[in-house]
Every structure is written in structure tokens, then in C-alpha cells.
Amino acid sequence: MNQSPGAQFRELLQQPPLAIPGVFNALVAKMAERIGFKAVYQSGAALSAGLAALPDVGLITMSEFTASARYLVEAVSVPVISDADTGFGEPLAVERCVQAYESAGLAGLHLEDQQMPKRCGHLSGKTLVGIDEMTAKLQAAASARRDPDFVIIARTDARGVNGLDDALERAKAYVDAGADVIFPEALKTPEEFQTFANEISVPLIANMTEFGQSPLLSADELAGLGFAAVLFPVTTLRSAMKAVEQMLTEIMNTGTQAGQLENMQSRKELYELLGYENFDQRDRSYFEQ
């Protein structure tokens, strides 16, 4: 019997370090799988920016998250986890979110303890919900899943608002409420990562986003500090957008892309990634009978 996506992801968490790149569309997900990544991540920040050119302030809907997730899940065989912001509402909304995400084929999701309007975890101006409100959401999430292996990840943004002690207190309460994994956002030093690993009994996920509050530690370094997995949520989008900017500037300045061909994915490489030959052969077979 095949393992569910959640069961696959749980197994991977037992084999640190698990590096999980953010993938902003299905083609990037296929590329990540081809390169050898064992799981991929749908980032709310990347989805907001890439889908709608919007900042990460809670404007993308649950339906948009779910629709995008389906494309990712259908493109790869590795587990896909997704941001779920604040759960799109109160506990009953969280129930619906979990069921929608699970039906889309996701392996798990993470919920954060910010108040709306939410903010990027590495920016100022965040406010938090009370511990009781967040634990109620986590209890709803755990009870709503059909597959007991669907992974509920609790993210706390308390480090940047109230300090490390509050983040630890919240994380422990979230574990008691049913969180399978803890995601402490915006820790500031390796020592803080180590403290979380010493205090928290469930697997931990780190966020190695660029230009943020946390030092950019490697996956091996984080594993050595006791973390099971590490997200690179917006890295591929930032890299792609810089390349696109450079290409568009070249065309604007010269009127041609001819001097930049070596920096492009070739037609052959794209078709190989898409599996075009297989599609073409199947299509021809229907006319050759």
C-alpha cells in the first residue's frame, strides 16, 4: 500500500537535514524534484507576489492557495507542504482549510499565530493572537484531518514581538494542542536555534529566507543544532526575478536577446523537463491505430 503524502513527509523528517525549497509554480517543482529535493514548499509570500503581484499581507484566499497547490502536487511525486497563513479565519475556517488542503494532495500545512492583517515573519509591525486562540485553531486543524498523518505545523512569530521566552512558551502550548512540528520564525542566533531544539519535543523547521532576521545557516548546520528541516521559501522566486529583470533590460537596451542565449534554458532542456516526448508519442498513437 502506498504511503500518504503526510506519511512520506513524516518519514523524511526523521532523516535530517531535510532541505525544502519554495517552488512558485509547477515547473519549478519538477526542477526541484529532478535535482534531488525530497519535498517542496508552497510559500504564501511567493504565491502572493508571483500570482497577483501582491505583498504577503494575507490577501490571497484559501481557494487560490488550494488551486495552486493542486498544480504542484500533480507535477511531482515528492510531498508538498504549504503555507496556510493564519488559517483564513477562526477554528471552523481552519477545519475547512485543512480538509481543502488535504483533498488537494498536500502533505501538510503551517499555521501562524499572527493577527490579521498578517505580515512577513521577518518584518516589523506584527501582532499576535492569544495563546488560547492559536491552540483552538490547532485543535481544530488536528481534528479536521482525515488522514492522521497529515502534518500540522505550528509557526510562532513571537520571537520578533515578545522575545524568545514567549516563543518557547507558545511552542510548548502548540505541541500540547496537537501540532506535529514547530516552526519558530525569525530566530536571531545559532544559540536561539539550539535553545529551541533543547526545549521542544517535536521536529523543528527553520526558515532560511534571505534578507531577514536569521543568520543564513546551512542545512547541515541546522541539523547539528537539532532542526529536522529547513525552508528556502522565496529563494527560487528571487533568483528567477533577478534573471528576468536582467533579460528584459538587455532586450530594452539592445533590441535583441541574442547575446543572452547561454543564460537561458534551451528548448531541449525545457522539453525534457516537461516530458514532451512522452506526450507527443501518446498523441501520435491515437491517430496511428
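The values are calculated or read from the model by the stated rules, or taken from the named source; none is laboratory data. The model shown is predicted, which means the values in this text are computed figures rather than measured ones. Cβ: placed from backbone, ideal geometry, glycine included. Neighbour counts: every protein chain shown.
Determine, yes or no, whether ARG10 is buried (at least 19 other Cβ atoms within 10 Å of the Cβ) and charged (D, E, K, R). The answer is yes for ARG10. Only one entry in GLU74, GLU64, GLU33 is in contact (Cβ under 8 Å) with a residue 40 or more places away in the chain, more than 20 Å from ALA229 (Cβ to Cβ), of a type outside the set (S, T, N, Q) and out of contact with any His (no Cβ under 8 Å at 6 or more places or on another chain), namely GLU74. Every test in (1) in contact with a Cys (Cβ under 9 Å, 6 or more places away or on another chain); (2) over 22 Å from VAL175 (Cα atoms) is passed by ALA29 save one, and that test is (1). Checking each residue in segment 209-224 for being of a type outside the set (Gly, Ala, Ser) and crowded, with 20+ Cβ neighbours inside 10 Å picks out THR209, LEU222.
Determine if segment 140-154 includes at least one residue that is more than 24 Å from ALA32 (Cβ to Cβ), touching a Ser or Thr at 6+ places or on another chain (Cβ under 8 Å) and part of a helix (DSSP H, G or I). No - not one qualifying residue is present in segment 140-154.
For the condition within 23 Å of ALA29 (Cα to Cα) and buried (at least 18 other Cβ atoms within 10 Å of the Cβ), LEU231 qualifies. Filtering segment 220-245 to residues that are free of Cβ contacts under 8 Å to residues at least 12 places away in the same chain and over 17 Å from PHE183 (Cα atoms) leaves SER239, MET241, LYS242, VAL244, GLU245. For segment 247-286, the set of residues classified as of a type in the set (Gly, Ala, Ser), part of a loop (DSSP other than H, G, I, E, B) and more than 20 Å from ARG34 (Cα to Cα) consists of GLY255 only. Screening ASN2 against (1) modelled with pLDDT of 95 or more; (2) surrounded by fewer than 20 Cβ atoms within 10 Å (Cβ to Cβ); (3) of a type in the set (S, T, N, Q) leaves a single unmet condition, (1).
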